[in-house]
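To start, the structure itself, in structure tokens.
All of the numbers you see were taken from the coordinates with simple rules; none came from a lab. Since the model is a prediction, treat every value here as computed from it, not as a measurement. All Cβ positions, glycine included, derive from the backbone under ideal geometry; neighbour counts span all protein chains shown.
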């Protein structure tokens, strides 16, 4: 499934919410989150953990989703 992340990328960039080189990762996490059906944070974190993601990656992913929701 394809998601348009232009508005989200613009938000991250314009508001200087994350380093510019982190934007592709942040959009990737949000795409993954949306592809999973928009689960709550606990379920999303659990899925990422089962996928073998490291703690810092899970924190980054949850932060990406938090920013996406605002």
Worksheet entry | residue 69 versus residue 51: modelled label distance in nm, points set 7 Å from Cα along the beta carbon direction | 1.8
Worksheet item: Where does the stretch 19-69 land on Rg/Rh, using Cα atoms and the Kirkwood Rh?
Response: 0.93
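Relative contact order for the chain using alpha-carbon pairs under 8 Å, separation at least 6, rounded to a whole percent? Don't jump to the answer; show the numbers that get you there.
On the way: 31 pairs, mean separation 23.8, N = 70.
Once divided by the residue count of the chain, the mean separation gives 34 percent.
Taking 0.36 nm per residue of separation and subtracting the Cα-Cα distance, what length does fully extending residue 42 through residue 4 add? Walk me through the numbers before you get to the answer.
Details: separation 38, 0.36 × 38 = 13.68 nm, distance 2.47 nm.
The span from residue 42 to residue 4 would gain 11.2 nm if fully extended.
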